[in-house]
1. Checking Pro122 against (1) of a type outside the set (S, T, N, Q); (2) open to solvent by 90 Å² or more (accessible area, probe 1.4 Å); (3) at pLDDT 95 or above; (4) touching a helix residue (DSSP H, G or I) at 6+ places or on another chain (Cβ under 9 Å), which single condition isn't satisfied?
2. Look at region 173-203 and say how many of its residues are in contact with a helix residue (DSSP H, G or I) (Cβ under 7 Å, 6 or more places away or on another chain) and of a type in the set (Gly, Ala, Ser).
3. From the list Phe216, Phe211, pick out the single residue that is open to solvent by 20 Å² or more (accessible area, probe 1.4 Å), on the phi < 0 side of the Ramachandran plot and in contact (Cβ under 8 Å) with a residue 60 or more places away in the chain.
4. Six or more apart or on different chains, Cβ atoms under 7 Å: show the pairs whose first residue is in region 35-52 and in contact (Cβ under 8 Å) with a residue 12 or more places away in the chain and whose second is open to solvent by less than 50 Å² (accessible area, probe 1.4 Å) and among the polar types (S, T, N, Q).
5. Quick test for you: out of Leu248, Leu259, Leu238, Leu291, pick the one residue that is modelled with pLDDT under 95, out of contact with any His (no Cβ under 7 Å at 6 or more places or on another chain) and in a helix (DSSP H, G or I).
Amino acid sequence: MHKLNINLPRRKVRQMFQEADTDENQGTLTFEEFCVFYKMMSLRRDLYLLLLSYSDKKDHLTVEELAQFLKVEQKMTIVTTDYCLDIIRKFEVSEENKVKNVLGIEGFTNFMRSPACDVFNPLHHEVSQDMDQPLCNYYIASSHNTYLTGDQLLSQSKVDMYARVLQEGCRCVEVDCWDGPDGEPVVHDGYTLTSNILFRDVVETINKHAFVKNEFLVILSIENHCSIQQQRKIAQYLKGIFRDKLDLSSADTGETKQLPSPQSLKGKILVKVKTSRNSKRQNDQFSPLSLKD
């Protein structure tokens, strides 16, 4: 349960375990008993209390009670019997409840957590804005310390975090680069106890997941603390792994003084770099321009 980030009090876990453990073999859960345990563990108390308040303290909602909930809580103005029956057909898990045309707590939870109850405007799942403006005209969904799984002092660094945030819509990810052993640059939060991951693995993960859910550009925000030798390794990996996805055009906007648009940068990866003082002293300004050499 700790591995699933479920941090219930040990006493509460023991109580639910004992309630689910109903056969003769005490102290272990069969598959069926574990299903019961899982349902108890994942019960949303707020939704359960909401169901009770509209069902006259029963463990299910009738069609009429569901309609009343939709009108009062969800502020729906047009609620038909057919609409309520369709909710029960789609979200109720108990065949017995489906036959009775009632919605139990599992079905009610499924319904409340589904896109049907999402406050997000479904029309915005498709891009409806003008994407031909200069890049600086847009808010960009960005991630800080992308690689960390927890706090910024002691937590683990994992490449999986890059895959996760990219597929959730993030378009700017942070990569803090430091000199690593065996000439291999690593990524971690400097001067902390966070763990290291290889820069090469980060780039390979980004390359794999950058455009799975979103075709607009990805920006790598690199904080560079590396020596000249390992900066060259970084450049090698960026060019070798990203290949034609890597945009090597200059940031010089020319006479127009205008940045390119998100539309024109679809499928491209941009690099922006903050160079540490030590790297500056070495007079090696690591930037997208140096990647051309």
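The values are calculated or read from the model by the stated rules, or taken from the named source; none is laboratory data. Because the structure is predicted, anything quoted here is derived from the model rather than measured. Don't worry about glycine lacking a Cβ; one is built from the backbone with ideal geometry, like all the others, and counts go over all protein chains shown. We work out accessible area using only protein heavy atoms, side chains counted, and drop any ligands, DNA or RNA first. Shrake-Rupley method; radii C 1.70, N 1.55, O 1.52, S 1.80 Å.
1. Only one criterion is unmet by Pro122, namely (3).
2. Total meeting the criteria: 1.
3. It is Phe216.
4. Short answer, once both residue conditions are applied: Arg44/Thr109; Leu47/Thr109.
5. When all the criteria are applied, what remains is Leu291.
Rundown of residues vs (1) of a type in the set (Val, Ile, Thr); (2) touching a Gly at 6+ places or on another chain (Cβ under 8 Å); (3) open to solvent by 20 Å² or more (accessible area, probe 1.4 Å); (4) assigned to a strand (DSSP E or B), yes/no style:
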| residue | (1), (2), (3), (4) |
| --- | --- |
| Gln133 | no, no, yes, no |
| Gln152 | no, no, yes, no |
| Met161 | no, no, yes, no |
| Gly169 | no, no, yes, no |
| Cys177 | no, no, no, yes |
| Thr192 | yes, no, yes, no |
